[in-house]
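This report concerns only the one structure given below.
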Amino acid sequence: MKDQIKTLKQLQDIDVRIFAFKDEEQRLPEELKQELQALEDCKSVLAQIEADLKDMQVSHKEKEVVLLTKEEHIKKLQGQLYQVKKNDEYRALENEIASTKADNSIIEEEILKLLDSTDEKKQEAQLKRQDVLDAETELTAKEAKVKERVTQLGLEIESLGQERSKIAANINKEIIDVYERIIQSKKDQLAVVRIKDSACQGCFMHIRPQLINEVKLGKDLILCESCARILYIDEKQ
Ligand SMILES: [Zn+2]
């Protein structure tokens, strides 16, 4: 039995490696997908900034047109000032000129503010554009790396699988069945565990001396009474 468990331990060591490689094989494309999503999000933000910028430019043009129209109106009114004869008509024209001028200074103020925020937006767009470019470059490099690693993992897994078959051929079918049944219920992929300081190294619970003796005897397959893993012990203990 001791030899069987020793071989089973070798099998488990291979299984642990296969498990880790398969996990990596699955994880890498997932990570890539997340980074691709992050890039798409970055592009959406950039598209929004560019749309805002366009709106601002349209709004600027509209305000310039209004300003120009009002300035022409002022010129027209100023021309009329020399034509009117009555005082009250003159005052009315003066009032209208003053109020249109006041409107214009508000519009000019708005245009200045708009130009400031357009400048800020342009800088924001430039930074975001650089972010998108950087992310694209990074992603292309990572894609190539992942592809290479996944190919490599596939080969490793295949080679370990062959090694596993050879080892498994030297273990009794019933023992392998017990081992595989245990592994299915354990997240850590450990079915064969050592006894150290009278404790199971799978669940760290204390093991009765009698059970330890049975493990040392090596006649039967002994399972931990707490976690049901297969127990073995280093002969020194
Ligand atoms: Zn245990």
Cα-centred dipole magnitude for segment 122-173, charges only on beta-carbon of K, R (+1) and D, E (-1), debye, nearest 20: 240 debye
Cβ-derived FRET efficiency at R0 25 Å, residue 235 paired with residue 13, nearest 0.05: 0.85
Unit charges at the beta carbon, dipole of segment 1-131: most positive-side option, 73, 36, 98: 73
Base-10 log of normalised Debye intensity for the chain (one unit scatterer per alpha-carbon) at q = 0.11, 0.12, 0.18 Å⁻¹: -0.80, -0.86, -1.21
Dipole of the chain [Lys/Arg +1, Asp/Glu -1 at C-beta], most positive-end residue of 221, 161, 49: 221
Spin-label model distance (nm) - residue 188 vs residue 108, 7 Å beyond Cα toward Cβ: 7.8 nm
Percent of beta bridges antiparallel (DSSP, the chain, rounded to nearest 5): 50 percent
DSSP-defined antiparallel bridges as percent of all bridges, segment 174-233, nearest 5: 50 percent
Residue 98/residue 122 FRET efficiency (R0 45 Å; Cβ-Cβ; nearest 0.05): 0.80
Of all accessible heavy-atom area on segment 18-170, the percent that carbon and sulfur account for (1.4 Å): 53 percent
Length released on extending from residue 173 to residue 219, taking residue separation times 0.36 nm less the Cα-Cα span: 14.9 nm
Relative contact order (%) - criterion: Cα under 8 Å, at least six apart; region: the chain: 29 percent
Computed E for residue 196/residue 165 - FRET, C-beta separation, R0 25 angstrom, nearest 0.05: 0.20
Value of Rg to Rh for segment 174-233 (Rh from inverse mean 1/r over Cα pairs, i.e. Kirkwood): 0.94
Dipole magnitude of segment 174-233 about its Cα centre (Cβ charges: Lys, Arg +1; Asp, Glu -1), debye to nearest 20: 180 debye
Relative contact order of segment 111-227, pairs being alpha-carbon contacts under 8 Å that are 6 or more residues apart, as %: 10 percent
Pairs from 9/145; 61/122; 9/216; 101/121; 22/196; 22/142 whose Cα-Cα separation, in the structure shown, is over 22 Å: 9/145; 101/121; 22/196
Residue list for segment 115-148, given a label point 7 angstrom along the Cα-to-Cβ vector of residue 51 and an amide N cut-off under 16 Å: 125
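The values are calculated or read from the model by the stated rules, or taken from the named source; none is laboratory data. Since the model is a prediction, treat every value here as computed from it, not as a measurement. Every residue, glycine among them, receives a Cβ derived from its backbone with ideal geometry; neighbour counts consider all protein chains shown. Keep in mind that these areas ignore ligands, DNA and RNA; they rest on the heavy atoms of the full protein, side chains included. Shrake-Rupley method; radii C 1.70, N 1.55, O 1.52, S 1.80 Å.
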